[in-house]
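In what follows, a structure is listed as structure tokens, so that the remarks can point back to it.
Here, each number is a calculation from the coordinates, and none is a lab measurement. For clarity, every value in this text was computed on a predicted model and none was experimentally measured. Cβ placement follows ideal geometry from the backbone for every residue including glycine, while neighbour counts extend to all protein chains displayed.
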Amino acid sequence: MSKDRLDRRDHLKLQKEAEELQAWRVKNSERLRWEMFLRNFGPEGDFDHLGETPRNEEEKAAFAHREMLQRILKHYNEDGTADYESMSFEEKAFAHLFDELSMVIEDYELFDMDIDYWRFELNIDLPHFHELISRIDEHLGSSDWREICYLQETQDYLIGSFLENWETKRADALQRRAKDPDFEYKPWMDRPDNHIVGKAP
């Protein structure tokens with residue numbers, strides 16, 4: 001077989017794999033992003049501080065927030081599409097705000113929050129980025145949890161940008177820990193804030 005034919009066969013194989021991967025993304029990325037969003041903003045999200053009963057007015061609001069989330073999510077499908085027709089007036093209003101939040105939060109910020117979520121759940125400290133996501137992949141049984149972008153190019157950019165920022169903030173945190181034995185690392189210290197390399201094209 002000639003080199004040209006081999007090159008063409010390899011090209012067609014890569015093209016087919018890319019098409020299959022994109023088809024998978026079309027089918028799954030929206031659901032995976034919704035699942036990531038729910039981990040961080042759903043009723044199982046940032047409510048760990050609540051006890052059995054509210055202690056003040058702010059906690060009463062948090063209890064009401066969680067209860068409304070539980071109510072409206074009964075009207076959503078697995079991809080995050082709401083059945084507004086089946087909701088009450090109050091549920092419609094809350095669900096509309098919830099949907100707006102899911103649309104306006106950027107993928108980078110959502111991924112950053114999810115990394116914090118899994119680091120807390122799995123008690124992960126400050127490994128290199130590839131070890132970090134491998135630990136999460138191993139726990140969940142696959143890497144699907146982080147495949148939240150519709151296009152592979154956007155997904156690659158997301159992971160590449162986060163990797164660069166993670167390694168920078170990790171190095172800074174380790175230096176501070178070395179200088180101060182009492183330094184206590186907090187997850188928000190490695191959040192990007194103004195350190196984001198750039199936004200996806």
- Query: Considering every Cα-Cα pair within the range 106-190, what fraction, in whole percent, is farther apart than 19 Å?
  - Reply: 39
- Compute the Rg to Rh ratio over the chain from the alpha carbon atoms, using the Kirkwood formula for Rh, and round to two decimal places. 1.06
- Using +1 on the beta carbon of Lys and Arg, -1 on that of Asp and Glu, and nothing else charged, what's the dipole of the range 57-104 about the Cα centre, debye to 20? 100
- Message: So for the chain, if I pair up every lysine 8 or more residues apart or on another chain, how many of those pairs have alpha-carbons under 17 Å apart?
- Response: 5
- TM-like helix rule applied to the chain (DSSP H, alpha carbon span at least 18 Å on the long axis, mean Kyte-Doolittle at least -1.0) gives 57-72, 89-104, 107-122
- Normalising by the residue count of the range 1-149, find the relative contact order in percent from Cα pairs under 8 Å and 6+ residues apart. 32
- Message: Can you tell me which of 129, 41, 183 moves the most in a GNM of the chain? Springs connect C-alpha atoms under 10 Å apart.
- Response: 183
- For the chain, with a Gaussian network of springs between Cα atoms less than 10 Å apart, report the residue from 181, 127, 43 with the top mean-square fluctuation. 181
- Item | Qualifying GluC sites (Glu not before Pro) in the range 37-126, DSSP loop, other Cβ atoms within 10 Å at most 15 | 44, 52, 78, 106
- Message: Ratio of alpha-carbon Rg to the 2.2 N^0.38 Å globular estimate for the range 57-104, to two decimals, please.
- Response: 1.15
- Query: Spin-label point model (7 Å from Cα, Cβ direction): what's the residue 153 to residue 53 distance in nm?
  - Reply: 5.9
- Could you grab the Rg to Rh ratio for the range 15-61? Cα atoms only, Kirkwood for Rh. 1.38
- Query: Where in the chain lies the longest segment free of trypsin sites (Lys or Arg not before Pro) that are both loop residues by DSSP (not H, G, I, E, B) and have at most 15 other Cβ atoms within 10 Å?
  - Reply: 56-198
